[in-house]
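Please read the structure below before turning to the comments.
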Amino acid sequence: MTALEQKLLQDGLVAEQALTQAREIAGRTFRPLAEVLVENDLVDEADLLKIVAEQHGLAFLKLKDLAIDPAVIRCVPAKLASHYTIMPVNLEGGTLTIAVSSVMDTAAAEDIETNLGYQVDRALACKADISSALRRYYGVGADTVERILADDRGRLDGTISLDESHDLEKMAEDASVVRLVNQLLQEAIGARATDIHLEIGRDEVKVRRRVDGILYDTRLPHNIKVLYPAIISRIKLMSGLNIVERRLPQDGRSRVSIGNDAYDLRISVVPSVHGEDVVARILPSTMLFDLQELGFSGDHLQSLQDLIRSPHGIIFVTGPTGSGKSTTLYACLSRLNTKERKIITIEDPVEYELKGITQTQINPKIGLTFAHALRSMLRHDPDIMMVGEVRDRETAEIAIQTSMTGHLVLSTLHTNDAAAGAVRLIDMGVDPYLITSTVLVFVAQRLVRLICSGCKEKYERDGQTLYRGTGCRQCNNSGYHGRIAISEFIPLVQDVQEAILRRESARELRARADSLGMSTLAADGWNKVSRGLTTAEEVLRVTKM
(Lines give C-alpha, C1' and ligand atoms only; values in the text may rest on other atoms or scores of the structure.)
Protein backbone atom coordinates (compact mmCIF):
# COMPACT_ATOMS: atom_id res chain seq x y z
CA MET A 1 0.00 0.00 0.00
CA THR A 2 1.40 3.40 -0.98
CA ALA A 3 1.95 6.26 1.43
CA LEU A 4 -0.92 8.14 -0.23
CA GLU A 5 -3.34 5.26 0.29
CA GLN A 6 -2.28 4.86 3.92
CA LYS A 7 -2.77 8.56 4.61
CA LEU A 8 -6.23 8.60 2.96
CA LEU A 9 -7.34 5.63 5.08
CA GLN A 10 -5.74 7.01 8.24
CA ASP A 11 -7.50 10.38 7.88
CA GLY A 12 -10.81 8.69 7.05
CA LEU A 13 -11.02 10.42 3.66
CA VAL A 14 -11.86 7.22 1.77
CA ALA A 15 -13.36 3.86 2.72
CA GLU A 16 -11.25 0.73 2.22
CA GLN A 17 -13.87 -0.76 -0.11
CA ALA A 18 -13.85 2.41 -2.25
CA LEU A 19 -10.06 2.36 -2.34
CA THR A 20 -10.08 -1.26 -3.53
CA GLN A 21 -12.59 -0.31 -6.23
CA ALA A 22 -10.39 2.60 -7.36
CA ARG A 23 -7.29 0.37 -7.50
CA GLU A 24 -9.12 -2.06 -9.76
CA ILE A 25 -10.24 0.75 -12.14
CA ALA A 26 -6.75 2.30 -12.18
CA GLY A 27 -5.14 -1.05 -12.99
CA ARG A 28 -7.64 -1.80 -15.74
CA THR A 29 -7.43 1.63 -17.39
CA PHE A 30 -3.71 2.31 -16.74
CA ARG A 31 -4.50 5.64 -15.06
CA PRO A 32 -3.13 7.19 -11.84
CA LEU A 33 -5.01 6.15 -8.71
CA ALA A 34 -5.43 9.77 -7.57
CA GLU A 35 -7.14 10.66 -10.85
CA VAL A 36 -9.54 7.70 -10.54
CA LEU A 37 -10.41 8.58 -6.94
CA VAL A 38 -11.32 12.16 -7.84
CA GLU A 39 -13.18 11.40 -11.09
CA ASN A 40 -15.37 8.81 -9.35
CA ASP A 41 -16.12 11.14 -6.41
CA LEU A 42 -14.51 8.71 -3.97
CA VAL A 43 -12.46 11.47 -2.35
CA ASP A 44 -12.56 15.27 -2.34
CA GLU A 45 -9.98 16.64 -4.79
CA ALA A 46 -8.76 19.38 -2.44
CA ASP A 47 -8.25 16.90 0.43
CA LEU A 48 -6.31 14.55 -1.82
CA LEU A 49 -4.12 17.27 -3.33
CA LYS A 50 -3.20 18.63 0.10
CA ILE A 51 -1.81 15.20 1.02
CA VAL A 52 -0.03 14.79 -2.33
CA ALA A 53 1.47 18.28 -2.04
CA GLU A 54 2.78 17.59 1.45
CA GLN A 55 4.29 14.25 0.41
CA HIS A 56 6.10 15.81 -2.58
CA GLY A 57 7.19 19.01 -0.89
CA LEU A 58 4.89 21.22 -2.97
CA ALA A 59 2.49 24.00 -2.01
CA PHE A 60 -1.29 23.59 -2.30
CA LEU A 61 -3.04 26.75 -3.54
CA LYS A 62 -6.60 28.00 -3.39
CA LEU A 63 -6.57 30.05 -6.58
CA LYS A 64 -9.79 31.93 -5.82
CA ASP A 65 -8.07 33.43 -2.77
CA LEU A 66 -5.11 34.72 -4.80
CA ALA A 67 -4.74 38.04 -6.62
CA ILE A 68 -2.42 37.27 -9.51
CA ASP A 69 -0.37 40.12 -10.99
CA PRO A 70 -1.27 40.79 -14.67
CA ALA A 71 2.48 40.84 -15.42
CA VAL A 72 2.64 37.19 -14.38
CA ILE A 73 -0.26 36.31 -16.70
CA ARG A 74 1.57 37.92 -19.63
CA CYS A 75 4.52 35.58 -19.08
CA VAL A 76 2.62 32.56 -20.43
CA PRO A 77 0.57 32.68 -23.67
CA ALA A 78 -3.10 31.76 -23.27
CA LYS A 79 -2.90 28.89 -25.75
CA LEU A 80 -0.04 27.27 -23.79
CA ALA A 81 -1.77 27.70 -20.42
CA SER A 82 -5.04 26.37 -21.84
CA HIS A 83 -3.38 23.45 -23.63
CA TYR A 84 -1.79 22.15 -20.41
CA THR A 85 -4.55 23.47 -18.06
CA ILE A 86 -2.02 25.26 -15.89
CA MET A 87 -2.09 28.69 -14.24
CA PRO A 88 0.90 31.01 -13.75
CA VAL A 89 0.64 32.46 -10.24
CA ASN A 90 3.94 34.15 -9.32
CA LEU A 91 7.22 35.37 -10.82
CA GLU A 92 10.29 36.09 -8.71
CA GLY A 93 13.55 36.74 -10.49
CA GLY A 94 13.62 34.21 -13.28
CA THR A 95 11.48 31.63 -11.45
CA LEU A 96 7.87 31.22 -12.51
CA THR A 97 5.46 29.38 -10.21
CA ILE A 98 2.64 27.55 -11.98
CA ALA A 99 -0.40 25.74 -10.57
CA VAL A 100 -1.02 22.22 -11.90
CA SER A 101 -3.66 19.68 -10.89
CA SER A 102 -1.45 16.58 -11.00
CA VAL A 103 1.97 15.92 -9.50
CA MET A 104 2.68 13.79 -12.59
CA ASP A 105 2.25 16.83 -14.84
CA THR A 106 5.80 17.83 -15.80
CA ALA A 107 5.28 18.50 -19.51
CA ALA A 108 4.07 22.06 -18.99
CA ALA A 109 7.08 22.96 -16.85
CA GLU A 110 9.46 21.49 -19.43
CA ASP A 111 7.76 23.38 -22.27
CA ILE A 112 7.95 26.69 -20.40
CA GLU A 113 11.60 26.18 -19.44
CA THR A 114 12.54 25.22 -23.01
CA ASN A 115 10.54 27.82 -24.94
CA LEU A 116 10.04 30.73 -22.54
CA GLY A 117 13.33 30.58 -20.63
CA TYR A 118 11.96 30.59 -17.06
CA GLN A 119 12.88 28.27 -14.22
CA VAL A 120 9.61 26.66 -13.12
CA ASP A 121 8.31 25.80 -9.65
CA ARG A 122 5.10 23.80 -9.46
CA ALA A 123 2.24 24.04 -6.95
CA LEU A 124 -0.94 21.98 -6.81
CA ALA A 125 -4.48 23.32 -7.25
CA CYS A 126 -7.87 21.80 -8.04
CA LYS A 127 -8.50 21.35 -11.76
CA ALA A 128 -11.82 23.24 -11.66
CA ASP A 129 -10.10 26.15 -9.89
CA ILE A 130 -7.43 26.27 -12.58
CA SER A 131 -10.05 26.30 -15.36
CA SER A 132 -11.95 29.06 -13.56
CA ALA A 133 -8.75 31.09 -13.12
CA LEU A 134 -7.92 30.72 -16.82
CA ARG A 135 -11.28 32.24 -17.73
CA ARG A 136 -11.01 34.94 -15.07
CA TYR A 137 -7.52 36.17 -15.93
CA TYR A 138 -7.10 35.37 -19.63
CA GLY A 139 -10.73 35.70 -20.68
CA VAL A 140 -13.14 33.20 -22.22
CA GLY A 141 -11.73 31.77 -25.45
CA ALA A 142 -8.36 33.53 -25.06
CA ASP A 143 -6.45 30.51 -26.40
CA THR A 144 -8.68 30.38 -29.49
CA VAL A 145 -8.35 34.11 -30.15
CA GLU A 146 -4.54 33.88 -29.93
CA ARG A 147 -4.51 30.94 -32.32
CA ILE A 148 -6.78 32.63 -34.88
CA LEU A 149 -4.84 35.88 -34.91
CA ALA A 150 -1.43 34.18 -34.93
CA ASP A 151 -2.49 31.99 -37.86
CA ASP A 152 -3.99 34.96 -39.68
CA ARG A 153 -1.15 37.43 -39.71
CA GLY A 154 1.47 36.07 -37.34
CA ARG A 155 0.84 39.00 -35.01
CA LEU A 156 -1.38 39.89 -32.05
CA ASP A 157 -1.41 43.66 -32.34
CA GLY A 158 -5.18 43.83 -32.97
CA THR A 159 -4.89 45.91 -36.16
CA ILE A 160 -6.44 43.37 -38.56
CA SER A 161 -9.74 44.43 -40.05
CA LEU A 162 -11.73 41.37 -40.90
CA ASP A 163 -14.30 43.44 -42.73
CA GLU A 164 -11.62 44.43 -45.24
CA SER A 165 -9.40 41.33 -45.45
CA HIS A 166 -11.79 38.39 -45.25
CA ASP A 167 -14.95 36.98 -46.62
CA LEU A 168 -16.99 36.95 -43.41
CA GLU A 169 -19.07 33.94 -44.37
CA LYS A 170 -15.95 31.87 -44.90
CA MET A 171 -14.43 33.17 -41.68
CA ALA A 172 -17.65 32.44 -39.75
CA GLU A 173 -17.43 28.80 -40.83
CA ASP A 174 -13.79 28.50 -39.82
CA ALA A 175 -13.34 25.83 -37.15
CA SER A 176 -11.57 28.23 -34.79
CA VAL A 177 -14.36 30.85 -34.93
CA VAL A 178 -16.94 28.10 -34.44
CA ARG A 179 -14.98 26.97 -31.38
CA LEU A 180 -14.77 30.53 -30.03
CA VAL A 181 -18.54 31.06 -30.28
CA ASN A 182 -19.10 27.66 -28.68
CA GLN A 183 -16.78 28.63 -25.81
CA LEU A 184 -18.74 31.85 -25.20
CA LEU A 185 -22.03 29.94 -25.19
CA GLN A 186 -20.66 27.14 -23.05
CA GLU A 187 -19.34 29.58 -20.45
CA ALA A 188 -22.72 31.34 -20.28
CA ILE A 189 -24.69 28.10 -20.03
CA GLY A 190 -22.27 26.75 -17.43
CA ALA A 191 -22.94 29.88 -15.37
CA ARG A 192 -26.74 29.21 -15.62
CA ALA A 193 -27.28 32.30 -17.79
CA THR A 194 -30.71 32.89 -19.30
CA ASP A 195 -29.35 35.46 -21.77
CA ILE A 196 -26.01 36.38 -23.28
CA HIS A 197 -25.42 39.94 -24.56
CA LEU A 198 -22.73 40.78 -27.14
CA GLU A 199 -22.17 44.54 -27.40
CA ILE A 200 -19.62 46.59 -29.33
CA GLY A 201 -18.46 50.11 -28.50
CA ARG A 202 -15.87 52.43 -29.97
CA ASP A 203 -12.93 50.84 -28.18
CA GLU A 204 -14.18 47.60 -26.66
CA VAL A 205 -16.37 44.54 -26.94
CA LYS A 206 -18.52 43.47 -24.01
CA VAL A 207 -20.07 40.07 -23.45
CA ARG A 208 -22.47 40.00 -20.52
CA ARG A 209 -24.54 37.14 -19.18
CA ARG A 210 -27.77 37.38 -17.17
CA VAL A 211 -27.79 35.00 -14.21
CA ASP A 212 -30.75 34.95 -11.83
CA GLY A 213 -31.93 38.22 -13.37
CA ILE A 214 -28.63 40.12 -12.87
CA LEU A 215 -26.15 40.99 -15.64
CA TYR A 216 -22.49 40.03 -15.10
CA ASP A 217 -19.52 40.88 -17.31
CA THR A 218 -17.63 38.04 -18.98
CA ARG A 219 -13.85 38.46 -18.94
CA LEU A 220 -12.62 38.59 -22.54
CA PRO A 221 -9.23 38.55 -24.27
CA HIS A 222 -8.12 42.13 -24.93
CA ASN A 223 -7.78 41.51 -28.68
CA ILE A 224 -11.18 39.91 -29.30
CA LYS A 225 -12.56 43.10 -30.90
CA VAL A 226 -10.88 42.32 -34.21
CA LEU A 227 -12.82 39.05 -34.39
CA TYR A 228 -16.18 40.57 -33.45
CA PRO A 229 -17.56 40.71 -37.04
CA ALA A 230 -16.71 37.02 -37.52
CA ILE A 231 -18.38 36.13 -34.20
CA ILE A 232 -21.57 37.98 -35.18
CA SER A 233 -21.56 36.37 -38.63
CA ARG A 234 -21.16 32.93 -37.04
CA ILE A 235 -24.17 33.55 -34.78
CA LYS A 236 -26.18 34.77 -37.78
CA LEU A 237 -25.31 31.66 -39.77
CA MET A 238 -26.35 29.45 -36.85
CA SER A 239 -29.70 31.26 -36.72
CA GLY A 240 -30.45 31.33 -40.45
CA LEU A 241 -30.06 35.11 -40.67
CA ASN A 242 -28.67 37.28 -43.46
CA ILE A 243 -25.00 37.96 -42.64
CA VAL A 244 -24.77 40.74 -45.25
CA GLU A 245 -27.66 42.78 -43.80
CA ARG A 246 -26.29 45.03 -41.05
CA ARG A 247 -28.68 47.97 -41.23
CA LEU A 248 -31.89 46.32 -40.00
CA PRO A 249 -32.79 44.30 -36.89
CA GLN A 250 -33.06 40.54 -37.41
CA ASP A 251 -34.49 37.72 -35.29
CA GLY A 252 -33.76 34.02 -35.53
CA ARG A 253 -33.50 30.73 -33.67
CA SER A 254 -30.85 28.08 -33.27
CA ARG A 255 -30.24 24.90 -31.30
CA VAL A 256 -26.93 23.95 -29.68
CA SER A 257 -25.75 20.96 -27.68
CA ILE A 258 -23.53 21.37 -24.61
CA GLY A 259 -22.49 17.97 -23.26
CA ASN A 260 -25.59 15.80 -23.15
CA ASP A 261 -28.02 18.72 -23.02
CA ALA A 262 -29.65 20.62 -25.89
CA TYR A 263 -30.57 24.32 -25.75
CA ASP A 264 -32.70 26.53 -27.96
CA LEU A 265 -31.29 29.99 -28.66
CA ARG A 266 -33.58 32.88 -29.52
CA ILE A 267 -31.37 35.39 -31.33
CA SER A 268 -31.97 39.12 -31.75
CA VAL A 269 -29.54 41.28 -33.75
CA VAL A 270 -29.83 45.07 -33.80
CA PRO A 271 -27.62 47.68 -35.51
CA SER A 272 -25.73 50.03 -33.17
CA VAL A 273 -23.42 53.00 -33.70
CA HIS A 274 -20.25 50.89 -33.92
CA GLY A 275 -21.58 47.64 -35.41
CA GLU A 276 -24.21 45.14 -34.36
CA ASP A 277 -25.33 44.03 -30.90
CA VAL A 278 -26.69 40.56 -30.28
CA VAL A 279 -28.79 39.11 -27.48
CA ALA A 280 -29.25 35.34 -27.33
CA ARG A 281 -31.98 34.01 -25.03
CA ILE A 282 -30.92 30.58 -23.77
CA LEU A 283 -33.78 28.12 -23.33
CA PRO A 284 -33.42 24.46 -22.32
CA SER A 285 -35.03 22.34 -25.06
CA THR A 286 -36.79 20.26 -22.41
CA MET A 287 -38.01 21.73 -19.16
CA LEU A 288 -40.31 20.56 -16.39
CA PHE A 289 -42.83 23.17 -15.23
CA ASP A 290 -44.26 22.81 -11.74
CA LEU A 291 -46.21 25.50 -9.90
CA GLN A 292 -44.85 24.51 -6.50
CA GLU A 293 -41.24 24.58 -7.71
CA LEU A 294 -41.83 28.05 -9.16
CA GLY A 295 -42.48 29.30 -5.63
CA PHE A 296 -46.27 29.23 -5.33
CA SER A 297 -47.16 27.85 -1.95
CA GLY A 298 -49.94 27.74 0.61
CA ASP A 299 -53.14 29.58 -0.28
CA HIS A 300 -51.75 30.92 -3.57
CA LEU A 301 -50.88 27.45 -4.85
CA GLN A 302 -54.27 26.05 -3.90
CA SER A 303 -56.11 29.03 -5.41
CA LEU A 304 -54.30 28.73 -8.74
CA GLN A 305 -54.83 24.97 -8.89
CA ASP A 306 -58.55 25.50 -8.29
CA LEU A 307 -58.86 28.35 -10.79
CA ILE A 308 -57.20 26.53 -13.71
CA ARG A 309 -59.79 23.78 -13.33
CA SER A 310 -62.55 26.28 -14.17
CA PRO A 311 -64.44 25.37 -17.38
CA HIS A 312 -64.35 28.97 -18.63
CA GLY A 313 -63.09 32.41 -17.72
CA ILE A 314 -59.81 34.33 -17.96
CA ILE A 315 -56.74 34.15 -15.74
CA PHE A 316 -54.40 37.13 -16.11
CA VAL A 317 -50.79 37.03 -14.88
CA THR A 318 -49.29 40.50 -14.62
CA GLY A 319 -45.80 41.90 -14.15
CA PRO A 320 -42.93 43.52 -16.05
CA THR A 321 -40.72 41.77 -18.60
CA GLY A 322 -38.59 39.08 -16.97
CA SER A 323 -40.92 38.44 -14.03
CA GLY A 324 -41.64 34.84 -15.03
CA LYS A 325 -45.19 35.34 -16.38
CA SER A 326 -44.76 33.00 -19.34
CA THR A 327 -43.17 30.32 -17.15
CA THR A 328 -46.17 30.43 -14.81
CA LEU A 329 -48.56 30.03 -17.74
CA TYR A 330 -46.50 27.10 -19.07
CA ALA A 331 -46.70 25.49 -15.63
CA CYS A 332 -50.49 25.88 -15.69
CA LEU A 333 -50.69 24.38 -19.18
CA SER A 334 -48.49 21.46 -18.15
CA ARG A 335 -50.92 20.71 -15.32
CA LEU A 336 -53.90 20.94 -17.72
CA ASN A 337 -52.31 19.05 -20.61
CA THR A 338 -54.19 15.76 -20.90
CA LYS A 339 -55.36 13.77 -23.90
CA GLU A 340 -58.98 14.80 -23.18
CA ARG A 341 -58.25 18.48 -23.75
CA LYS A 342 -57.39 20.50 -26.84
CA ILE A 343 -54.98 23.29 -25.90
CA ILE A 344 -53.83 26.04 -28.28
CA THR A 345 -51.34 28.83 -27.57
CA ILE A 346 -50.64 32.07 -29.41
CA GLU A 347 -47.24 33.46 -28.46
CA ASP A 348 -44.65 36.08 -29.35
CA PRO A 349 -42.39 34.19 -29.56
CA VAL A 350 -42.84 30.51 -28.69
CA GLU A 351 -40.32 30.03 -25.89
CA TYR A 352 -40.72 26.36 -24.99
CA GLU A 353 -42.19 23.58 -27.06
CA LEU A 354 -44.87 21.66 -25.15
CA LYS A 355 -45.69 18.20 -26.40
CA GLY A 356 -49.38 17.66 -27.14
CA ILE A 357 -50.16 21.38 -27.41
CA THR A 358 -50.69 23.39 -30.62
CA GLN A 359 -48.42 26.44 -30.45
CA THR A 360 -48.57 29.35 -32.90
CA GLN A 361 -46.14 32.24 -33.15
CA ILE A 362 -47.51 35.58 -34.25
CA ASN A 363 -45.99 37.42 -37.21
CA PRO A 364 -47.20 41.04 -37.50
CA LYS A 365 -45.25 41.50 -40.78
CA ILE A 366 -47.76 39.28 -42.55
CA GLY A 367 -50.77 40.35 -40.49
CA LEU A 368 -50.74 37.43 -38.06
CA THR A 369 -51.47 39.39 -34.87
CA PHE A 370 -52.74 38.09 -31.53
CA ALA A 371 -56.28 39.12 -32.47
CA HIS A 372 -56.13 37.57 -35.96
CA ALA A 373 -54.67 34.32 -34.67
CA LEU A 374 -57.18 34.16 -31.82
CA ARG A 375 -60.13 34.42 -34.20
CA SER A 376 -58.76 31.64 -36.41
CA MET A 377 -57.86 29.32 -33.54
CA LEU A 378 -61.44 29.35 -32.25
CA ARG A 379 -62.39 27.29 -35.32
CA HIS A 380 -60.06 24.52 -34.07
CA ASP A 381 -62.42 23.60 -31.22
CA PRO A 382 -60.06 24.32 -28.30
CA ASP A 383 -60.89 23.71 -24.65
CA ILE A 384 -58.13 25.94 -23.33
CA MET A 385 -56.27 28.82 -24.96
CA MET A 386 -53.21 30.75 -23.95
CA VAL A 387 -52.72 34.23 -25.41
CA GLY A 388 -49.13 35.34 -24.82
CA GLU A 389 -50.09 38.94 -24.07
CA VAL A 390 -53.12 41.22 -24.28
CA ARG A 391 -51.78 44.45 -25.78
CA ASP A 392 -54.84 46.15 -27.26
CA ARG A 393 -58.60 46.42 -27.10
CA GLU A 394 -59.23 44.08 -30.03
CA THR A 395 -57.24 41.22 -28.50
CA ALA A 396 -58.81 41.82 -25.07
CA GLU A 397 -62.37 41.76 -26.41
CA ILE A 398 -61.80 38.60 -28.47
CA ALA A 399 -60.24 36.89 -25.44
CA ILE A 400 -63.28 37.91 -23.38
CA GLN A 401 -65.70 36.64 -26.05
CA THR A 402 -63.72 33.39 -26.17
CA SER A 403 -64.11 32.88 -22.43
CA MET A 404 -67.82 33.71 -22.60
CA THR A 405 -68.35 30.91 -25.14
CA GLY A 406 -67.07 28.23 -22.79
CA HIS A 407 -63.28 28.38 -23.00
CA LEU A 408 -60.62 28.84 -20.34
CA VAL A 409 -58.18 31.56 -21.41
CA LEU A 410 -54.77 32.23 -19.86
CA SER A 411 -52.94 35.45 -20.69
CA THR A 412 -50.58 38.18 -19.43
CA LEU A 413 -50.69 41.94 -18.94
CA HIS A 414 -47.84 44.39 -18.42
CA THR A 415 -48.79 46.06 -15.13
CA ASN A 416 -46.93 46.66 -11.87
CA ASP A 417 -49.39 44.86 -9.63
CA ALA A 418 -52.58 42.79 -9.72
CA ALA A 419 -54.87 45.72 -8.88
CA ALA A 420 -53.68 47.61 -11.98
CA GLY A 421 -54.78 44.73 -14.24
CA ALA A 422 -58.44 45.76 -14.34
CA VAL A 423 -57.54 49.44 -14.75
CA ARG A 424 -55.27 48.57 -17.69
CA LEU A 425 -58.11 46.73 -19.46
CA ILE A 426 -60.49 49.64 -18.87
CA ASP A 427 -57.86 52.03 -20.26
CA MET A 428 -57.75 49.85 -23.40
CA GLY A 429 -61.48 50.47 -23.82
CA VAL A 430 -62.90 47.25 -22.39
CA ASP A 431 -66.26 47.70 -20.63
CA PRO A 432 -66.01 47.01 -16.87
CA TYR A 433 -69.00 44.62 -16.91
CA LEU A 434 -67.16 42.40 -19.42
CA ILE A 435 -64.19 42.24 -17.06
CA THR A 436 -66.29 41.33 -14.03
CA SER A 437 -68.23 38.66 -15.91
CA THR A 438 -65.22 36.84 -17.38
CA VAL A 439 -61.98 37.45 -15.43
CA LEU A 440 -61.39 34.93 -12.63
CA VAL A 441 -58.26 36.41 -11.08
CA PHE A 442 -55.45 38.90 -11.56
CA VAL A 443 -52.11 37.46 -10.44
CA ALA A 444 -49.02 39.64 -10.09
CA GLN A 445 -45.56 38.16 -9.64
CA ARG A 446 -41.85 38.90 -9.44
CA LEU A 447 -38.81 36.66 -9.26
CA VAL A 448 -36.48 36.81 -6.26
CA ARG A 449 -33.11 35.12 -5.98
CA LEU A 450 -32.76 32.13 -3.66
CA ILE A 451 -30.04 32.08 -1.02
CA CYS A 452 -27.32 29.68 -2.15
CA SER A 453 -27.51 26.43 -0.16
CA GLY A 454 -23.74 26.01 -0.43
CA CYS A 455 -22.87 29.13 1.60
CA LYS A 456 -26.06 29.85 3.56
CA GLU A 457 -25.55 31.23 7.07
CA LYS A 458 -27.67 32.53 9.93
CA TYR A 459 -27.37 36.02 11.40
CA GLU A 460 -29.31 38.19 13.81
CA ARG A 461 -30.89 41.54 12.95
CA ASP A 462 -33.15 43.44 15.33
CA GLY A 463 -33.70 40.30 17.37
CA GLN A 464 -34.77 38.30 14.31
CA THR A 465 -32.97 35.28 12.84
CA LEU A 466 -32.34 35.79 9.14
CA TYR A 467 -30.26 34.07 6.46
CA ARG A 468 -27.83 35.15 3.75
CA GLY A 469 -25.30 33.66 1.37
CA THR A 470 -21.64 34.42 2.00
CA GLY A 471 -20.53 33.52 -1.55
CA CYS A 472 -18.94 30.32 -2.82
CA ARG A 473 -17.92 28.56 -6.03
CA GLN A 474 -21.43 27.13 -6.48
CA CYS A 475 -23.01 30.61 -6.71
CA ASN A 476 -20.00 32.38 -8.28
CA ASN A 477 -19.57 34.29 -5.01
CA SER A 478 -22.94 36.04 -5.41
CA GLY A 479 -24.61 34.41 -2.40
CA TYR A 480 -27.60 33.45 -4.56
CA HIS A 481 -28.42 30.41 -6.67
CA GLY A 482 -31.70 30.11 -8.56
CA ARG A 483 -34.96 32.06 -8.34
CA ILE A 484 -38.52 31.59 -7.16
CA ALA A 485 -41.69 33.63 -7.59
CA ILE A 486 -43.36 35.90 -5.09
CA SER A 487 -46.95 36.68 -5.94
CA GLU A 488 -50.21 38.40 -5.08
CA PHE A 489 -53.72 37.31 -6.08
CA ILE A 490 -56.82 39.43 -6.54
CA PRO A 491 -59.69 37.04 -7.32
CA LEU A 492 -62.78 38.81 -8.60
CA VAL A 493 -65.00 38.30 -5.59
CA GLN A 494 -68.14 40.42 -5.31
CA ASP A 495 -66.56 43.41 -3.54
CA VAL A 496 -63.79 43.60 -6.14
CA GLN A 497 -66.29 43.28 -9.00
CA GLU A 498 -68.34 46.17 -7.61
CA ALA A 499 -65.20 48.32 -7.33
CA ILE A 500 -64.30 47.59 -10.97
CA LEU A 501 -67.84 48.46 -12.09
CA ARG A 502 -67.42 51.81 -10.29
CA ARG A 503 -64.15 52.25 -12.23
CA GLU A 504 -62.12 52.70 -9.06
CA SER A 505 -58.40 53.46 -9.41
CA ALA A 506 -55.67 50.89 -8.96
CA ARG A 507 -54.87 52.38 -5.53
CA GLU A 508 -58.50 52.05 -4.43
CA LEU A 509 -58.67 48.49 -5.73
CA ARG A 510 -55.44 47.69 -3.85
CA ALA A 511 -56.89 49.11 -0.63
CA ARG A 512 -60.08 47.07 -1.08
CA ALA A 513 -58.04 43.90 -1.67
CA ASP A 514 -56.01 44.63 1.48
CA SER A 515 -59.20 45.08 3.52
CA LEU A 516 -60.35 41.66 2.31
CA GLY A 517 -57.11 40.08 3.57
CA MET A 518 -55.51 39.47 0.17
CA SER A 519 -51.71 39.35 0.61
CA THR A 520 -49.41 41.62 -1.37
CA LEU A 521 -46.22 40.88 -3.31
CA ALA A 522 -44.20 42.30 -0.43
CA ALA A 523 -46.06 40.19 2.15
CA ASP A 524 -45.35 37.01 0.18
CA GLY A 525 -41.74 38.13 -0.13
CA TRP A 526 -41.34 38.68 3.62
CA ASN A 527 -42.87 35.27 4.22
CA LYS A 528 -40.11 33.75 2.08
CA VAL A 529 -37.51 35.81 3.95
CA SER A 530 -38.76 34.43 7.28
CA ARG A 531 -38.54 30.90 5.86
CA GLY A 532 -34.88 31.47 4.92
CA LEU A 533 -35.46 31.22 1.17
CA THR A 534 -34.40 34.73 0.16
CA THR A 535 -33.14 37.98 1.67
CA ALA A 536 -34.82 41.22 2.66
CA GLU A 537 -32.60 43.05 0.14
CA GLU A 538 -33.96 40.88 -2.68
CA VAL A 539 -37.59 41.51 -1.75
CA LEU A 540 -36.98 45.26 -1.56
CA ARG A 541 -35.16 45.18 -4.91
CA VAL A 542 -38.02 43.60 -6.85
CA THR A 543 -41.00 45.20 -5.10
CA LYS A 544 -39.88 48.84 -5.38
CA MET A 545 -42.36 50.61 -7.66
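The values are calculated or read from the model by the stated rules, or taken from the named source; none is laboratory data. Owing to the predicted nature of the structure, the values given are computational and were not obtained by experimental measurement. Heads up, the Cβs are rebuilt from the backbone with ideal geometry, glycines too, and the neighbour counts pull from every protein chain shown. The accessibility values were calculated without ligands, DNA or RNA, using every heavy atom of the protein model including side chains. Shrake-Rupley method; radii C 1.70, N 1.55, O 1.52, S 1.80 Å.
Ordering Met386, Gly139, Gly94 by the projection of their Cα atoms onto the charge dipole of the chain, which places +1 on the Cβ of Lys and Arg and -1 on the Cβ of Asp and Glu, puts Met386 at the extreme positive end. With point charges of +1 on the Cβ of Lys and Arg and -1 on the Cβ of Asp and Glu, referenced to the Cα centre of the chain, which listed residue (Leu265, Cys126, Thr470) lies farthest in the positive direction of the dipole? After comparing all options, I get Leu265.
At a Cβ-Cβ separation cutoff of 4.7 angstrom, cysteine residues of the chain with no neighbouring cysteine are Cys75, Cys126, Cys332. With runs of 4+ DSSP H residues as the only contributors, calculate the mean residue ellipticity of the chain at 222 nm using -39,500 (n - 2.57) per run, divided by the residue total and rounded to the nearest 500. Rounded to the nearest 500, it is -11500 deg cm²/dmol. Here, the chain is characterised by an Rg to Rh ratio of 1.04, where Rg is the alpha-carbon radius of gyration and Rh the Kirkwood radius. Rolling a 1.4 Å probe across all protein chains gives Arg468 an accessible area of roughly 100 Å². Its relative contact order, with pairs defined as Cα atoms under 8 Å and 6+ residues apart, puts the chain at 8 percent. Relative to the longest principal axis of the Cα atoms of the chain, the long axis of helix 45-55 makes an angle of roughly 10 degrees. Of Asp381, Asp417, the order by accessible heavy-atom surface (1.4 Å probe, DNA, RNA and ligands excluded), from most exposed downward, is Asp381, Asp417. Within the full protein context, the accessible area of Asp277 is estimated at about 40 Å² for a probe radius of 1.4 Å. Under 5 Å from the amide H of Glu389 lie the amide H atoms of Thr412, each residue being 5 or more positions distant or on a separate chain, with H modelled from the backbone and absent for Pro and chain starts. Length gained on full extension, Arg335 to Ser102: 78.9 nm, using 0.36 nm per residue less the C-alpha separation. Heavy-atom accessible area, probed at 1.4 angstrom with all protein chains present, ranks Lys544, Lys50, Lys342 as Lys544, Lys50, Lys342, highest first. Relative to the dominant Cα principal axis of the chain, helix 127-138 is inclined by about 80°.
Entry for the range 168-266 at q = 0.15, 0.16, 0.18, 0.20 Å⁻¹: log10 I(q)/I(0) = -0.62, -0.71, -0.92, -1.16, Debye formula applied to identical alpha-carbon scatterers, no solvent contribution. Note on Asn115 and Ala262: the model spin-label points, each 7 Å out from Cα along the C-beta direction, lie 3.9 nm apart.
Over all other residues within a Cβ to Cβ distance under 13 Å of Ile214, the charged ones net out to +2, with Lys and Arg as +1 and Asp and Glu as -1. Placing +1 on each Lys and Arg Cβ and -1 on each Asp and Glu Cβ, with no other charges, gives the range 375-490 a dipole about its Cα centre of roughly 700 debye.
For Lys79 and Lys206, what does the FRET efficiency come to when R0 = 25 Å and r is the distance between their Cβ atoms, rounded to the nearest 0.05? List each step's numbers first, then the result.
Numbers: r = 23 Å, r/R0 = 0.93.
For Lys79 and Lys206, the calculated efficiency is 0.60.
Take peptides 353-366, 490-503 and line them up by average Cβ neighbours within 10 Å, highest first, as a rough protection proxy.
490-503, 353-366
Other residues within the sphere of radius under 12 Å centred on the Cβ of Val443, judged by their own Cβ, net out at -1 (K and R +1, D and E -1). For the chain, the share of DSSP beta bridges that are antiparallel, to the nearest 5, is 65%.
Of the trypsin sites (Lys or Arg not before Pro) found in the range 62-118, the ones in coil according to DSSP and having at most 15 other Cβ atoms within 10 Å of their Cβ are Lys62, Arg74.
The charge dipole of the chain, taken about its Cα centre with unit charges on the Cβ atoms of Lys, Arg (+1), Asp and Glu (-1) only, comes to about 940 debye.
Note on His380: accessible area approximately 110 square angstrom, rounded to 10, probe 1.4 Å, nucleic acids and ligands left out.
Note on surface exposure: Ser530, Ser453 rank Ser453, Ser530 by accessible area, highest first, 1.4 Å probe.
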